[in-house]
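Comments concern the structure below.
The values are calculated or read from the model by the stated rules, or taken from the named source; none is laboratory data. This one's a predicted model, so the numbers in the text were calculated from it and none came from an experiment. Backbone-built Cβ (ideal geometry, glycine too); neighbour counts: all protein chains shown. Side chains included, ligands, DNA and RNA excluded: accessible areas come from the protein's heavy atoms. Shrake-Rupley method; radii C 1.70, N 1.55, O 1.52, S 1.80 Å.
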Amino acid sequence: MSTQRGLLIILSGPSGVGKGTVREAVFDNENCNYIYSVSATTRSSRPGEVNGEDYFFISREEFENLIEKDALLEYAEYVGNYYGTPLAYIEENLQAGRDVFLEIEVQGARKVRERMPEGIFIFLAPPSFKELETRLTDRGTDSQAVIMERMERAREEIEMMKDYDYVVVNDYVPNAVSKINAIIECEHLKVERIVDRIQQDIQDYFVEGAESR
């Protein structure tokens, strides 16, 4: 029996909403069996971030070489830096039946939707717009000018949530994680993902039964 193709899970949302924190909490669960696809970026690493785990931190020239080779599932330029998702690693794991988890910017998610519309698209939303500003400020990595630029971009991005399959409000990280896991579990139970396997099992039963009789 052939292996069922894995799910491509896309977690996206505005800057400062807590995508990285939620993604880390999802993967901290010992029962988590998703494959995390590490994105590439040209921005500088933040304190505590590890190259190859949080992002692949590469030069602008290296990134543009990947673009020329069509080696990215998606890429976008955001606040002066490139972000993108290497394609080969994702496809290899999906074919092997593994669920692949992406944490990407909204621009990138729109491009993934165009190229792989079968993905599961989850929009992570802030409890309020004021709370989003507080989180960006408390992060302490951006100037006030950059924060306001991110807030303006966030307003545009939140309006795009209608293009997603699900919206999860990140009011409390454990709640958000629980909802994301429930979404993925339900997606695995959809008829279109199971029907072929069950029909093949029925066919095998009658073929094997006929041969033994």
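Kindly indicate whether any position in the stretch 76-85 is more than 12 Å from the chain's Cα centre (by Cα), surrounded by 14 or more Cβ atoms within 10 Å (Cβ to Cβ), of a type in the set (Val, Ile, Thr) and assigned to a strand (DSSP E or B). Within the stretch 76-85, none of the residues are more than 12 Å from the chain's Cα centre (by Cα), surrounded by 14 or more Cβ atoms within 10 Å (Cβ to Cβ), of a type in the set (Val, Ile, Thr) and assigned to a strand (DSSP E or B).
Looking at this structure, is residue 43 open to solvent by 10 Å² or more (accessible area, probe 1.4 Å), in contact (Cβ under 8 Å) with a residue 12 or more places away in the chain, within 30 Å of residue 182 (Cβ to Cβ) and in a loop (DSSP other than H, G, I, E, B)? Here the answer is no, as residue 43 does not meet what is asked. Kindly indicate whether residue 91 is open to solvent by less than 80 Å² (accessible area, probe 1.4 Å) and either at pLDDT below 95 or closer than 25 Å to residue 186 by Cα (or both). Against the criterion (open to solvent by less than 80 Å² (accessible area, probe 1.4 Å) and either at pLDDT below 95 or closer than 25 Å to residue 186 by Cα (or both)), residue 91 qualifies.
A quick yes/no check of all residues on (1) closer than 24 Å to residue 127 by Cα; (2) in contact with an Asp or Glu (Cβ under 7 Å, 6 or more places away or on another chain); (3) open to solvent by 70 Å² or more (accessible area, probe 1.4 Å); (4) part of a helix (DSSP H, G or I):
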{"site": "162", "(1), (2), (3), (4)": "yes, no, yes, yes"}
{"site": "180", "(1), (2), (3), (4)": "yes, no, no, yes"}
{"site": "192", "(1), (2), (3), (4)": "no, no, yes, yes"}
{"site": "195", "(1), (2), (3), (4)": "no, no, no, yes"}
{"site": "200", "(1), (2), (3), (4)": "no, no, yes, yes"}
{"site": "205", "(1), (2), (3), (4)": "no, no, yes, yes"}
{"site": "209", "(1), (2), (3), (4)": "no, no, no, yes"}
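Specify which of the listed residues (157, 118, 131, 187) is open to solvent by 80 Å² or more (accessible area, probe 1.4 Å) and either acidic (Asp, Glu) or assigned to a strand (DSSP E or B) (or both). Answer to the selection: 118. Only one of the listed residues (179, 190) is of a type in the set (D, E, K, R) and under 17 Å from the mean Cα position of the chain (by Cα). That residue is 179.
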